[in-house]
Amino acid sequence: MRSRAAATMFALAAACLPAGAQEDGSRDAVRNLEGYAHYKMGQYGEARRIWEELAAKGNTTALINLANLFEQGQGVEADRVRALAYVREAAERGDARAQYDLGLAYEKGDGVDRDIELAAGWLKRSAEGGNPDGQFAYGVMLATAKGRGLDKASASQRAEALDWLRKAKAGGHVEAADYVRVLEGAG
């Protein structure tokens, strides 16, 4: 019954695609959704198979989904190093979500050696890619002179931090408004 419902959902999703959409990546989006439906039904092996097929073609959403499977140990043995390998591949392919996650991993030393410079680089790429979480994290990193303290940031770092935090706020990041107020008051 569950698989029939999933098949119906995908048939409907495919029917809603514009003519010729199968050639432009929409097919991959439908396949990602199919993998997600299997994931939600606890069919982790089938979800993994679909996502591995898409990941082999460079699909960053599939790479992130595989990273989540290995991070959570769903249908596979939990493996943070393997999860980060998928995140890194998606980040290197330009996925702003993955760049943010990789930046945080380097900032915390979570699964990789702690490296603030690499963290800053990945967070900046995420911010430039329009990710509000990346904009917020990079703005905070600049505002605190890469963790040395708010009083250690130069005027140019504070100004750039304020720009990124404003972008994060405009993008809906909940905490950004508080940080914007702090930096505007510190000017």
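Put in line by how crowded their Cβ is, counting other Cβ atoms within 10 Å and starting with the fewest, 178, 28, 113 read 113, 178, 28. Set against the labelled values [x] 1.21; [y] 1.08; [z] 0.98, Rg/Rh (Cα atoms, Kirkwood Rh) computed from this structure falls on [y].
Each of 140, 43, 94 was scored by the projection of its Cα onto the charge dipole of the chain, and the greatest displacement toward the positive side belongs to 43; charges sit on the C-beta of Lys, Arg, Asp and Glu. Here the chain is treated with +1 on each Lys and Arg Cβ and -1 on each Asp and Glu Cβ, and its dipole about the Cα centre works out to around 260 debye. Summary value for the chain: 10 percent relative contact order, contacts being C-alpha pairs under 8 angstrom separated by 6+ residues.
Extending 7 Å from Cα along the Cβ direction at residue 118 and again at residue 81 yields two label points whose distance is 1.4 nm.
Computed over the chain, the per-residue total of -39500 (n - 2.57) for DSSP H runs of n ≥ 4 gives a 222 nm mean residue ellipticity of -22500 deg cm²/dmol, rounded to 500. Against the longest principal axis of the chain, how steep is helix 60-72, in degrees 0 to 90 to the nearest 10, with axes from Cα atoms? Around 90 degrees separate the two axes.
No lab work stands behind these numbers, since they all come straight from the coordinates. Just so it is clear, the model here is predicted, and its values are computed rather than measured. We place every Cβ from the backbone using ideal geometry, glycine too, and count neighbours over all the protein chains shown.
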